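Participant: So that we are looking at the same thing, I have put the structure below in structure tokens.
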Amino acid sequence: MADVNSKRASQFLQKCVKPEDNGGDPQPKEEITEEQSLPVITQSYPQTVQEEISMVFNTYNMAANLGPASRRKREKGTNHDGTSTSLYVDRRKSKVWNYYTKLGDAYVECNVCKKQLSFHNSTTTMREHLVRKHSIRDTLLSQLKDDQASESDYTAQESVVKRSRQMTPENSLYHAASCSEPRTDMILELVLEMIFRDLHPLSMVKDKGFGLLIGYLEPSFTLPSPVQLSSMLWHRYNVVKQHLEHYLQTAQAIVVCVEFWVSQLSQTYLTIMANFIDGEWRRARCIMETQQVHENKAEGYLGEKLYAVLSEFGLSNKSVFCVMHDSLQNTAANSQQLKNAYGWTSLCCAAHTLHLCIKAGLDVEQVQEALSTARGIVRYFQQDAKATCSLNSKLEAINKTKLKLVMDVGSRWITTIEMCESLLDLKWAIMSVLEEHPKGAAAVHNLADHQWKLLQDLVPVMRTIKIATSFLREEQNVSISSLMPCIHGIVAAIGQQSEEASSVIKTVVGNIRSELTRRWGISEDEKVLESPAVIASFLDPRFKEMRFLSPSLRSELHKRVKNMLSQVFNHQSPSATHFWMPSSDYKAEGGETASQLSAHKDRCSSTQSQSMYDILLGKDPTESMPEIHQQLENYIVEPLCKRSTNPLDWWKSNEHRFPAVARLSRQYLAVPATAVLPDQAFAASESTLEHRRAVLAPENLDQILFLHQNFDFLESMRNSNEARNRSLH
């Protein structure tokens, strides 16, 4: 089986690595084992798609799992043209390997003491460990000759490398003879993977430094041109896109997240992501598309674009539960348009909404004056080298050199609290430096005593909100189910903190609390009951007691959830049918499949006299409700879970006990609290992703971001399914 697949992969890659011959895009060459050839989604893959997906995803596995020694062993015999290759030396001939086990590319494990050592293509460290720790000197002496022989081969290789560095990049990289074909294919694929994994532009292959590095490591390798890389990138993108399309077809309900961001050239881009919980209760977050947004687009552009992207992946507008955005111009108008045209509920990112609430809270004259003066102090030390040197000297004297001044950024409120904290920590040193430098005191205004006190009183309030963001950044709290308990906690905590505070702090706290209450509809009962965040909290086994609601609201919420569950068997509701009808492989409590349950009901109904109203109106849906309602009651009285529990893990273990409630939970718990990952949404500085994507060329940006986000995720899903299938067999 492995030989057959390897032959197929080789034939396929011979076509793909030379796009000029057949117009195709390059594709990695790989040997595929029987275990590796299992797809993630076992339904209705064309055989060709299965083979391409297996080869694409196994390219990375081959690069990661085959260490340099293993690759040399596979290639050391002859090249594809029959000539011998002295560059690939099999160092594992040394008997030192009798005492070690290879762990991936970069590590080995001692079989004697189980200690793991770094491995850099040399057995020197391994031999020294045997001598020093285990006194195995015979091994060292007997194998020294063998290893020296291997080293001499490497010396020969190094001489070739040195000669290659004396050549021009054009001679050594673009006009040299090609090395062995399997190694060439692998290097090509690794260059491509470096492009999309690390978000590099395709033009990187033309950079002199990169060319020198490749020339040193692989003198006879011919670097691909950006055009060839683009062809390979497109092929990889199309194969992974087909894989993602099949995966999305398994989603019960999709939450579409929309992120607007700006490149370094001030071009606005729109990234569309799909969020859902799959059949194994795993949270999926995949990029569907990234596109440049033009200012002259009409108001309905967002809805039209989302609909077009969904259609491209074979999804209907009914498969979308809601749309989450981080910021929209004319938010109310756009939200209404999405609701009217497509039936999609629109939610605003919690991080963006929280930023607006805090911005409104800090919009107090005394606070703004203090923050403006604080920014002036930080700016002075950033621009005056002499003052900075004096400040650092004072910090060194007390061994506190890790303390640094921070300048806040208007778009990230967390940086404001960090600026205030850094100033308070360095207060004595700052005042001392300003006193020692009269010119500095004249150039910058120091904070007055009452302003220092204001910042000192403001920090605890802001720190409480920062703690809330830390809570929302934890893996088990990504869902919107954690949001409302957190928001209510903020409102209560900062209210208590301001009871004995100054009038200015009371004003700040009052503004923040009123904004939180207004934007999340906390004081409006109807909005609370309709809020997806509140319903999600109820379906989270950690927060289902809903302590932040009054008893009357809890009772009303239970009734509304009962009505939702009642729609499960209401065939007249298209949305309910789409989201709630059990699939053919779904097993209810007792192990019966949905089809078996349906057959059982048909047999029972045939033995009863059919009501004349059933002929006219259909079967009464309330006949199936008691069991569903009983599931809900059992769920309500279930003991609360610990706050550290992942709700998805709990539902995976208890789905069989509350199948109807579980289907509802799968839908609401899929809604994230933030449009982007929480680490990015609540970060104090720009992430590596945000920084690197901003400099990518527009023509390849969509494909690079798509593969960067989705490749590892889909591979992990595939490996997880393979492991599960092996365990079942």
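The values are calculated or read from the model by the stated rules, or taken from the named source; none is laboratory data. The structure displayed is predicted, hence computed values, not measured ones. No Cβ is skipped: glycine too gets one built from the backbone with ideal geometry, and neighbour counts run over all protein chains shown. With ligands, DNA and RNA removed, areas are computed over all heavy atoms of the protein, side chains included. Shrake-Rupley method; radii C 1.70, N 1.55, O 1.52, S 1.80 Å.
Participant: Considering only segment 517-549, state which residues are surrounded by fewer than 16 Cβ atoms within 10 Å (Cβ to Cβ) and in a loop (DSSP other than H, G, I, E, B).
Facilitator: S523, E524, E545, R547
Participant: Tell me the residue from A681, A697 that is surrounded by 22 or more Cβ atoms within 10 Å (Cβ to Cβ), on the phi < 0 side of the Ramachandran plot and not acidic (D, E), please.
Facilitator: Selected residue: A681, the only one of A681, A697 that is surrounded by 22 or more Cβ atoms within 10 Å (Cβ to Cβ), on the phi < 0 side of the Ramachandran plot and not acidic (D, E).
Participant: Can you pull out every residue in segment 341-367 that is charged (D, E, K, R) and touching a residue at least 12 places away in the same chain (Cβ under 8 Å)?
Facilitator: Listed by number, the residues that qualify are K359, D363.
Participant: Check segment 228-236 and report whether any residue there is assigned to a helix (DSSP H, G or I), at pLDDT 90 or above and under 14 Å from L714 (Cα atoms).
Facilitator: Yes: one or more hits.
Participant: Please indicate, with yes or no, whether at least one residue in segment 544-553 is out of contact with any Lys or Arg (no Cβ under 9 Å at 6 or more places or on another chain) and under 21 Å from E655 (Cα atoms).
Facilitator: There is at least one residue in segment 544-553 that is out of contact with any Lys or Arg (no Cβ under 9 Å at 6 or more places or on another chain) and under 21 Å from E655 (Cα atoms).
Participant: Please go through (1) part of a helix (DSSP H, G or I); (2) under 30 Å from S335 (Cα atoms); (3) open to solvent by less than 30 Å² (accessible area, probe 1.4 Å) for E245 and return the number of the only condition it doesn't satisfy.
Facilitator: Only one criterion in (1) part of a helix (DSSP H, G or I); (2) under 30 Å from S335 (Cα atoms); (3) open to solvent by less than 30 Å² (accessible area, probe 1.4 Å) is unmet by E245, namely (3).
Participant: Looking at this structure, is I494 in a helix (DSSP H, G or I), touching a residue at least 12 places away in the same chain (Cβ under 8 Å) and farther than 29 Å from V367 by Cβ?
Facilitator: no
Participant: Right, something else. Considering only residues that are modelled with pLDDT under 50 and surrounded by 14 or more Cβ atoms within 10 Å (Cβ to Cβ), which ones fall in segment 104-143?
Facilitator: Within segment 104-143, T139, L140, Q143 meet the criteria.
Participant: Tell me, which helices (runs of 4 or more DSSP H) lie completely within segment 640-729 with 3 or more residues that are over 28 Å from D408 (Cβ atoms), touching a Cys at 6+ places or on another chain (Cβ under 9 Å) and not small (G, A, S)?
Facilitator: Qualifying helices (runs of 4 or more DSSP H): 698-728.
Participant: Only one of A599, A588 is open to solvent by less than 60 Å² (accessible area, probe 1.4 Å), modelled with pLDDT under 95, among the hydrophobic types (A, V, I, L, M, F, W, C) and touching a Pro at 6+ places or on another chain (Cβ under 8 Å). Can you tell me which?
Facilitator: A588
Participant: Please enumerate the residues belonging to segment 192-215 that are part of a helix (DSSP H, G or I) and either aromatic (F, W, Y) or closer than 21 Å to A694 by Cα (or both).
Facilitator: L192, E193, M194, I195, F196, R197, L202, S203, M204, V205, K206, F210
Participant: Name, by its number, the condition in (1) in contact with a strand residue (DSSP E or B) (Cβ under 9 Å, 6 or more places away or on another chain); (2) open to solvent by 10 Å² or more (accessible area, probe 1.4 Å); (3) more than 30 Å from A670 (Cβ to Cβ) that does not hold for V478.
Facilitator: So V478 meets the others, but not (3).
Participant: Right, R718: at pLDDT below 90 and within 22 Å of the chain's Cα centre (by Cα) or not?
Facilitator: Yes: the conditions hold for R718.
Participant: Just to verify a result, which residue in segment 639-667, among those that are touching a residue at least 60 places away in the same chain (Cβ under 8 Å) and small (G, A, S), is nearest to G279 (Cα to Cα)?
Facilitator: S665
Participant: Could you say whether any residue in segment 500-509 is on the phi < 0 side of the Ramachandran plot, among the hydroxyl-bearing types (S, T, Y) and not in a helix (DSSP H, G or I)?
Facilitator: yes
Participant: Now for a different question. Out of segment 546-559, which residues are of a type in the set (D, E, K, R) and either at pLDDT 95 or above or farther than 10 Å from P485 by Cβ (or both)?
Facilitator: R554, E556, K559, listed by residue number.
Participant: Please go through segment 321-338 and pick out each residue that is open to solvent by 10 Å² or more (accessible area, probe 1.4 Å) and either part of a helix (DSSP H, G or I) or at pLDDT 85 or above (or both).
Facilitator: F321, T331, A332, A333, N334, S335, Q336, Q337
Participant: Right, W261: aromatic (F, W, Y), within 25 Å of T688 (Cα to Cα) and over 18 Å from the mean Cα position of the chain (by Cα) or not?
Facilitator: When the stated conditions are applied, W261 does not pass them.
Participant: Where in segment 361-480 are there helices (runs of 4 or more DSSP H), lying wholly inside it, with at least 3 residues that are closer than 30 Å to I512 by Cα?
Facilitator: Answer list for segment 361-480: 365-383, 414-425, 449-473.
Participant: Scan (1) closer than 23 Å to H352 by Cα; (2) open to solvent by less than 30 Å² (accessible area, probe 1.4 Å); (3) among the small types (G, A, S); (4) part of a helix (DSSP H, G or I) for the single condition S566 breaks and write down its number.
Facilitator: (1)
Participant: Another question about this same structure. Would you check which residues across segment 193-212 are β-branched (V, I, T) and more than 23 Å from the chain's Cα centre (by Cα) and list them?
Facilitator: Once the filter is applied, which keeps residues that are β-branched (V, I, T) and more than 23 Å from the chain's Cα centre (by Cα), segment 193-212 yields only V205.
Participant: I've got another one for you. Scan segment 380-396 residue by residue and report those that are within 19 Å of L424 (Cβ to Cβ) and loosely packed, with under 15 Cβ neighbours inside 10 Å.
Facilitator: Listed by number, the list holds a single entry, Q382.
Participant: Of these, D649, D712, which one is loosely packed, with under 14 Cβ neighbours inside 10 Å and closer than 17 Å to R197 by Cβ?
Facilitator: The unique qualifying residue is D712.
Participant: In this structure, does S727 turn out to be farther than 30 Å from A351 by Cβ, hydroxyl-bearing (S, T, Y) and surrounded by fewer than 14 Cβ atoms within 10 Å (Cβ to Cβ)?
Facilitator: yes
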